[in-house]
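Written out below as structure tokens is the structure these notes cover.
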Amino acid sequence: MKRIPFVLAVLIILAGFAQAQAVWLTGSVDDALAKAKASNKLLLLDFFTSGG
């Protein structure tokens, strides 16, 4: 019986994370940093390459 409140709490927390959306920006890193600082948020940089 003690597990039910724990499981409900975990489900509520996971539901909150599921609603979060990533915003993909294009442009310069400086612009992205300025926007992140203005909104007091972290910045994730994603780099990829293709080819051999």
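Laboratory data are not the source of any read-out in this text; all were calculated from the coordinates shown. What you are looking at is a predicted structure, and each value in this text was computed from that prediction instead of being measured. With ideal geometry, Cβ positions are generated from the backbone for all residues, glycine too; neighbour counts draw on all protein chains shown.
So the values come out like this:
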quantity: Within the chain, helix-based [θ] at 222 nm, where runs of 4 or more DSSP H residues each add -39,500 (n - 2.57), nearest 500; calculated: -16500 deg cm²/dmol
quantity: Linear extension gain, Phe6 paired with Ala32, 0.36 nm per residue minus alpha-carbon span; calculated: 5.5 nm
quantity: Rounded to 10°, Cα long-axis angle of helix 3-19 versus longest principal axis of the chain; calculated: 20
quantity: Full-extension gain in nm, Gln21 to Asn40, via 0.36 nm per residue minus C-alpha separation; calculated: 5.2 nm
quantity: Residue (of Leu25, Ala36, Phe48) at the positive-pole extreme of the chain, dipole from beta-carbon charges; calculated: Ala36
quantity: Relative packing of peptides 38-50, 2-14 - highest average C-beta neighbours within 10 Å first; calculated: 2-14, 38-50
quantity: Degrees separating the helix 29-38 axis from the principal Cα axis of the chain, which is the longest one; calculated: 40
quantity: The chain - charge dipole about Cα centre, Lys and Arg +1 at Cβ, Asp and Glu -1, debye rounded to 20; calculated: 400
quantity: Principal axes of the chain: Cα extent on each, largest first, Å; calculated: 53, 37, 13
